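See below for the structure under consideration.
No value in this document is a laboratory result; all are computed from the given coordinates. This structure is a prediction, so every number in the text was calculated from the model and none was measured. No Cβ is skipped: glycine too gets one built from the backbone with ideal geometry, and neighbour counts run over all protein chains shown.
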Amino acid sequence: MPNSKQNSSHTSGNKKNIKKIFEFKINLTPRNIFLWVIIASIIFLMFISARDVSNLFPQEPISTLISDVKKGDVKKIEVVDTKLLATYKDGKIYTSYKESNDSIYKIFSDAGVKPGSVEVDIKDTTSGAIWINILSNVLPIVLMVGFFLFLIKQARGAQDSIFSFGQSRAKLFSKDTPKVTFADVAGVDEAKQELSEVVDFLRFPQKYRALGARTPKGLLLVGPSGTGKTLLARALAGEANVPFFSMAGSEFMEMLVGVGASRVRDLFNTAKKNAPAIIFIDEIDAIGRMRSTGVMGGHDEREQTLNQILVEMDGFTPNENVVVIAATNRGDLLDQALLRPGRFDRRVVLDLPDWKGRQEILKIHMKGKPIAKDVDWETVAKRTVGFSGADLENMLNEAAIQAARKNKKEIDMSDVEEAATRVKLGPEKRRLQSDLDRKMTAYHEAGHAIVTYVMPHMDPVHRISIVSRGMALGFTLIPPQRDRIHETKTHLLEQIASMLGGRAAEELIFNEMTTGASNDIDKATSLARDMVVEFGMSKLGPINFGPTVDVTEWGGRYLNETHISPQMQSKIDNEVKSIMDVAYKQAEAILKKTKDKLDIVAGDLLKKETLEKEDFEKIMDGTKKLALASSSI
């Protein structure tokens, strides 16, 4: 038997459902009213058309109907326009038709039917016809008006209202907004110091005015993507106890001319009313690019917006206690009038974090994640040279995803290592390859690794793999052991030799060339040309033979013509070729001397697919370091 508790709960559930049905309410919004009017009109028209049920009964000629009336068989006749609905005394119903201009009484009189022989009921259809006529004329107009009102409302939803184009779209961060503070930002200590001073200026202006100092009008954050420019601005919004207005550079632009300048005026007027205040403009290069310098000139929307920003920041009307913070990763494209003191007084460059900065960033992003004890954050920080803050955050997120995929309770070192490789090179791809292709890839990567190991100034090999990632069939991972500020000629030459080690191994083992070395050759040639053309590291001397870079009036970049004679260009090409030849010969000589090691490394790669640093160095133990003969270049 079912449980009584179950029955009672089931009954109460039914009562709730019934209650919900009877509690149904119509929300009478303008849109719903319009819809209900349309639905009611359609139902009314359907009702009017459905009232004619005469077609459901059999039809007989009017002469037969008159004959039946004379006999006294007909009880009642209903007249609806030209239709006659005759109800007989036996209950049967028949339909018939008359001429539209003839009266039913005249028809009976001409046929000799006695008045009162049958009950005649004439239906008045003029009111229904009037309503149908009104609806057929009015309903299309109502529908058109409703359609245009709907379009206007949608347009207002997209643009707030037809009269609000010039209003600022800046987002105001209040004290109740969830905060990101400077404690959540790491690796950019100099920038944090600059922003902290701005906050202090706004909080305690008397301290600085007593010494004759004025509040900085603007601070520009410049740096590569992912270095924390926007995060710093969010932290500034969390730290400042003043109104903080945030807006992207692209939000000033609009399809209507003058809207951008109007929004700039509205933004600064709002900030002045709430002074002291901070304005943050993200991606300012969208509106702050260099203005036209050509003969034709320009007066587009972007240029008007920039002009208005210049006036608001340092124009005829003084701008006090409103600090503008802007961020961009294209600082070289900004207009010089925007960068001068008085507008952007300070320019803070955010670089990729160093070893210590990466450690601090990792400590921030590891919060809330269960980390195993075997994770060495110092090793991870050294392993991730060249990673931005965004890369490190993404790396730890990928490590957490991978650990969850394997049903682990903690993130261990193997997860972090795999995540770092994934961020750098992409996910693994298990491609179907022939035995010959795998063997060629193994010797190619072994060639890179052995040449790198033998070179005295190269960083140690971290991992070798013939598992495809991204567009590469295999990879040799050589992360820098330290953050290099200066590059020496010797180290650059060793890098080129290392890049050509794969091609040298292919020719040595297979006596053949493959397309697998195309990317290596491209990078090596580019580096050799930079050494000759830009770095002055050749016999041609410390001369820059490269093209100069100019900024166009539209903010684009183009290369000026190089004023180099054909004879000098030939010498440059010869120097580049000389560097490539010497590096290739060096790589080839190293691999010939260490062919036994090359076979062992390639064999292990074919068996294991991946060799870590420790396994590779055990194989190479005792191999002599050889210096590249750079004096001949």
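Placing R0 at 30 angstrom, the Cβ-Cβ distance between A210 and K272 gives a FRET efficiency of 0.80 after rounding to 0.05. Among the listed pairs K439/K607; K373/K429; K373/K618, a Cα-Cα separation exceeding 22 Å is found for K373/K429; K373/K618. Length gained on full extension, L436 to R203, computed as 0.36 nm times the residue gap minus the Cα-Cα distance: 76.8 nm.
If the chain linking M471 and E428 were pulled fully straight, counting 0.36 nm for each residue of separation and taking away their Cα-Cα distance, it would gain 14.4 nm.
Distance from the C-alpha centroid of the stretch 373-426 to that of the stretch 199-243: 33 Å, rounded to the whole angstrom.
Peptide packing for 583-594, 502-513, 405-416 was compared via the average number of neighbouring C-beta atoms within 10 Å per residue; ordered from the highest value, the list is 583-594, 502-513, 405-416. Per-residue Cβ neighbour counts within 10 Å put V380, V80 in the sequence V80, V380, beginning with the fewest.
With both labels modelled 7 Å from their Cα along Cα-to-Cβ, the K76 to N241 distance reads 8.9 nm.
Ranked by the mean number of other Cβ atoms within 10 Å per residue, highest first, peptides 450-461, 563-574, 278-289, 417-428 order as 278-289, 450-461, 417-428, 563-574. For S468, the residues whose amide H sits under 5 Å from its own are K429, R431, ignoring neighbours fewer than 5 places away on the same chain, with H placed 1.01 Å from N. Counted by neighbouring Cβ atoms within 10 Å, the residues T515, T95 run from fewest to most as T515, T95. Tell me, what is the FRET efficiency for D345 and D522 to the nearest 0.05, using R0 = 41 angstrom and their Cβ-Cβ distance as r? So, using R0 = 41 Å, E works out to roughly 0.40.
Projected label points at K373 and S414, each 7 Å from Cα along the beta carbon direction, are separated by 1.9 nanometres. Computed from the C-beta positions of M513 and D184 and an R0 of 56 Å, the FRET efficiency is 0.60 to the nearest 0.05. With neighbour counts taken as other beta-carbon atoms within 10 Å, the residues T82, T305 rank, fewest first, as T82, T305.
Annotation: amide H-H contacts under 5 Å for F280 (H modelled 1.01 Å from N, sequence separation of 5 or more, or interchain): F245, S246, M247, I325. Cross-link pairs exceeding 21 Å between alpha carbons, from the set K382/K408; K356/K523; K382/K424: K382/K408; K356/K523.
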